[in-house]
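Report on the following structure.
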Amino acid sequence: MNLKVVGLRLTLLVLITSVCLLAIEYTARWRFSETVTLFPRYHTSVKYGDFLIRRLRPNETFKHTSIDGRWEFSTNSQGYRSNFDFSYAKPDQTLRVIVLGDSHTEGFEVAQDETYAAQLGLLLTQQGIKEEVMNAGISGFSNAEELVYLENEGIRYSPDFVVLGFFANDLEDNLKASLYSLDDKGRLNIQQKTHIPGVSLLNSYYHIPFTRWLGENSYAYSILFNAIWDTAKHRLALSSRKDGEEYARPTKDTFSSYEIRLCLAILKEISRVTHTAGAKFILVDIPTLDTKGHLMASMPQVIQSSIRNDVDAFIDVAKLIKGTPFEFSSHVPHGQRHISKETHKLIAKELCNIINTDRKKATIPPSQRTDPYKGN
C-alpha cells in the first residue's frame, strides 16, 4: 500500500478519534456539570513505625474543580497540606497543634488558607501567639489511620493540642481499613499493619503527565475513574464485614453495634495516646446533611455520650451553626458537599476560644478553675 495513503488514513483515524473524544467530553460537561467533580487523589504510601498507610504526596501542587470553583492544593515535604515544613523539635515558645481528619479537614472545596487548620493558625498569630498548626487531614482517612499516624508519627512533633475532625463515614471507614479489631472482651487489637487502597494504581499514573492533566481537567475521565474507584471501595467495604446481622447497615444513618464499639475504642485510644504525650485532645464533630438537606451531627449520640469524659473539649458544630446566618451555607452547595469556608472559619474560631481558655486556665489556681468546654 502506498505510504501516502497509509499516512492519510492514520491522520483521518486520529482526527475521527479526537472528534469522538471531544464530543464525549463536551457531552459529559453539558450533562453532568453540576454533579461531576474533578477531585484527583494525590495519595502515596508512607511507613509509620510498623504500619504502612496513606498520606498526600509530598511537594506536590494540584487543583480540584467543580461547578462551585477551582481550588489549589500544595503539600510540604512531609505530605501535609502546608506551604512550609515542620521539624520534630518544637521551636521555643511555640504552640503546636496537630489536626487529624479526612477530606473535610484536608480542605476539599476550600482554598489552602481557608481550612480550619489554616484559619486557626491565623487567629492565633493575630493574638500574638507563636504557633504551628499542622493539617494532617487526608481524604478517606478513618479514625484507625489517624490513630496509627498519631501514635507512630504525630507525637514526635510534641503537640500541645491534638484536634480530630470526626465525620459520619468514619465508622464504616474504620471497618474498611481493617487495621484494628475488637476481641471478645471489647479490647482493641491490631488486625493488620497495611492499608494503602489504590496507592499502587495512583503511584503508576502520577508519572504520566497527560494522565495527571486528565484527572484535573476531563469530566469524562473523572466519571470513568470515579466509577472504578467507587466499585473498588464497595468491594473493600463488603470484604471488611463478617457475616451476620451485627454488621448489617440498612441506611447510611444506621450503624451496627460493632461499628460503634470499634469506633469508640479507637477514639478512646487516640485520647490515651494524646494525654500520654502531654497534649490536650479536642474532638470536633463535622456536621453532615440528611436526605432533606437538614444539618445534623455526624457522631451517633451513644458515642458522644461515652467519649465526652475522654476529651478535653467537644465541639458539636451542627449545634453551633443552627440558628445562625451560616446554617444554610454550612456546606458547599454542589460537588461532594464538603463543609464551606464559613464553617471552617466557625470551627477555627471555636478552637481558638478553647485554646485561649485553656491557656488562661493554666495561670489560675486549680481550686478556682472551671471547664466551660468539657462536654459542650
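The values are calculated or read from the model by the stated rules, or taken from the named source; none is laboratory data. These figures come from a predicted structure and were not determined experimentally. Using ideal geometry, Cβ is built from the backbone for each residue, glycine included, and neighbour counts are taken over all protein chains shown.
Please give the number of the condition THR274 fails out of (1) polar (S, T, N, Q); (2) surrounded by fewer than 22 Cβ atoms within 10 Å (Cβ to Cβ); (3) within 26 Å of VAL97 (Cβ to Cβ).
Only one criterion in (1) polar (S, T, N, Q); (2) surrounded by fewer than 22 Cβ atoms within 10 Å (Cβ to Cβ); (3) within 26 Å of VAL97 (Cβ to Cβ) is unmet by THR274, namely (2).
Tell me which residues, restricted to the stretch 256-282, are over 17 Å from GLU153 (Cα atoms), in a helix (DSSP H, G or I) and without any contact (Cβ under 8 Å) to a residue 24 or more places away in the chain.
Correct list: SER257 only.
When ILE129 is evaluated against the numbered criteria (1) of a type in the set (A, V, I, L, M); (2) surrounded by fewer than 17 Cβ atoms within 10 Å (Cβ to Cβ); (3) touching a His at 6+ places or on another chain (Cβ under 8 Å), which criterion, by number, is the only one it fails?
Of everything listed in (1) of a type in the set (A, V, I, L, M); (2) surrounded by fewer than 17 Cβ atoms within 10 Å (Cβ to Cβ); (3) touching a His at 6+ places or on another chain (Cβ under 8 Å), ILE129 misses just condition (3).
Tell me whether the stretch 312-335 contains one or more residues that are assigned by TED's automatic domain parsing to the domain that holds LEU175, in contact with a Phe, Trp or Tyr (Cβ under 6 Å, 6 or more places away or on another chain) and on the phi < 0 side of the Ramachandran plot.
Step one: of the stretch 312-335, the residues assigned by TED's automatic domain parsing to the domain that holds LEU175 are 312-335.
Those left that are additionally in contact with a Phe, Trp or Tyr (Cβ under 6 Å, 6 or more places away or on another chain): 312-313.
Among the residues that remain, those that are also on the phi < 0 side of the Ramachandran plot are: 312-313.
Within the stretch 312-335, one or more residues are assigned by TED's automatic domain parsing to the domain that holds LEU175, in contact with a Phe, Trp or Tyr (Cβ under 6 Å, 6 or more places away or on another chain) and on the phi < 0 side of the Ramachandran plot.
Are any of the residues in the stretch 104-119 hydroxyl-bearing (Ser, Thr, Tyr), surrounded by 18 or more Cβ atoms within 10 Å (Cβ to Cβ), within 17 Å of ARG55 (Cβ to Cβ) and in the same structural domain as LYS280 (by TED's automatic domain parsing)?
Initial filter on the stretch 104-119 (hydroxyl-bearing (Ser, Thr, Tyr)): 105, 115-116.
From what's left, surrounded by 18 or more Cβ atoms within 10 Å (Cβ to Cβ): 105, 115-116.
Still in the running and within 17 Å of ARG55 (Cβ to Cβ): 105, 115.
Now restrict to residues that are in the same structural domain as LYS280 (by TED's automatic domain parsing): 105, 115.
Yes, because at least one residue in the stretch 104-119 is hydroxyl-bearing (Ser, Thr, Tyr), surrounded by 18 or more Cβ atoms within 10 Å (Cβ to Cβ), within 17 Å of ARG55 (Cβ to Cβ) and in the same structural domain as LYS280 (by TED's automatic domain parsing).
Give the residues of the stretch 302-359 that are more than 15 Å from ILE286 (Cβ to Cβ), in a loop (DSSP other than H, G, I, E, B) and at pLDDT below 95, sorted by residue number.
Passing the criteria: GLY323, THR324, PRO325, PRO333, HIS334, GLY335.
From ASP316, ASP285, ASP310, ASP290, which residue is surrounded by fewer than 22 Cβ atoms within 10 Å (Cβ to Cβ) and touching a Lys or Arg at 6+ places or on another chain (Cβ under 9 Å)? Walk me through how you get there before you give the answer.
Working: ASP316 fails: touching a Lys or Arg at 6+ places or on another chain (Cβ under 9 Å); ASP285 fails: surrounded by fewer than 22 Cβ atoms within 10 Å (Cβ to Cβ); ASP290 fails: touching a Lys or Arg at 6+ places or on another chain (Cβ under 9 Å).
Going through ASP316, ASP285, ASP310, ASP290 in turn, the sole match is ASP310.
Within the stretch 151-177, track down each residue that is part of a loop (DSSP other than H, G, I, E, B) and either crowded, with 18+ Cβ neighbours inside 10 Å or touching a helix residue (DSSP H, G or I) at 6+ places or on another chain (Cβ under 8 Å) (or both).
Residues of the stretch 151-177 part of a loop (DSSP other than H, G, I, E, B): 153, 158-160, 167-169.
Hits for the stretch 151-177 are GLU153, PRO159, ASP160, PHE167, ALA168.
Identify all residues within the stretch 151-188 that are in contact with a Phe, Trp or Tyr (Cβ under 9 Å, 6 or more places away or on another chain) and charged (D, E, K, R); write none if there are none.
Selection gives GLU151, GLU153, ARG156, ASP170, GLU172, ASP173.
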